[in-house]
Amino acid sequence: GYERQNTLSSFRRALELEADGLELDVFLSKDGHLFVFHDEVLEELTNAVGHPGRLTLKELRELEIKPPEPYHGRHLPHSEISIPSLVEVLELIEEYKGKKPWINVELKGEGTEYEVPGVLKRYDRHNVLTLDRFLVSSFDHHNQLKRVKSLNPKLRLGVLYSGIFESLNETFES
């Protein structure tokens, strides 16, 4: 890729490339803020270890994000390659003057299903990022997606699966 995933620089680049859609992963920080990060552990992409939800948003922003391999040595402001909040990403998209993409918000951690619908509804009121631009997805269909739908029936849902191809292979090989 061009940029480190789930950073403001990556979303800015996707907007500049006029991507039709963006996918981002959200967790809830220790102090209750929604933040955008892909991995269940910090060590793959940062200079820290452990689950990202155990840190406050301030602590998450202070982490050093490892640059993508082809761009070592390239210098961007820390704010461009730090862990952003969901609100920061949505503000970036809202303020962008070009084409607005659809946005797949993947729920990654406990509690995100309670917070995400309200945040997305606030942007719908601005009439720039309307609810029809969002898809909320999760591997936890029975709890998280059910809760999202109960909190905001207008949101579109995406059901994610893991291991489906292995199951299909077993089915067809039998």
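The values are calculated or read from the model by the stated rules, or taken from the named source; none is laboratory data. If you're wondering where the values come from, they're calculated on a predicted model, not measured in any experiment. Cβ coordinates were reconstructed from backbone atoms using ideal geometry, including for glycine residues, and neighbour counts include every protein chain displayed. Please note that ligands, DNA and RNA were not included when accessible areas were found on the heavy atoms of the full protein model with its side chains. Shrake-Rupley method; radii C 1.70, N 1.55, O 1.52, S 1.80 Å.
Quick notes
- A straight chain from ARG122 to GLU44 at 0.36 nm per residue would run longer than the Cα-Cα distance by 24.8 nm.
- SER10 sits with roughly 20 Å² accessible to a 1.4 Å probe, with DNA, RNA and ligands left out of the calculation.
- Across the range 115-159, the mean sequence separation of Cα contacts (distance under 8 Å, 6 or more residues apart), normalised by length, yields a relative contact order of 40 percent.
- Inter-label distance for GLU59 and LEU17, nm, one decimal - labels placed 7 Å from Cα along Cα-to-Cβ: 3.3 nm
- Peptides ranked, highest mean first, by Cβ atoms within 10 Å: ranges 114-121, 150-157: 114-121, 150-157
- Less than 5 angstrom separates the built amide H of PHE139 from those of LEU160, all sequence-distant by 5 or more or on a different chain.
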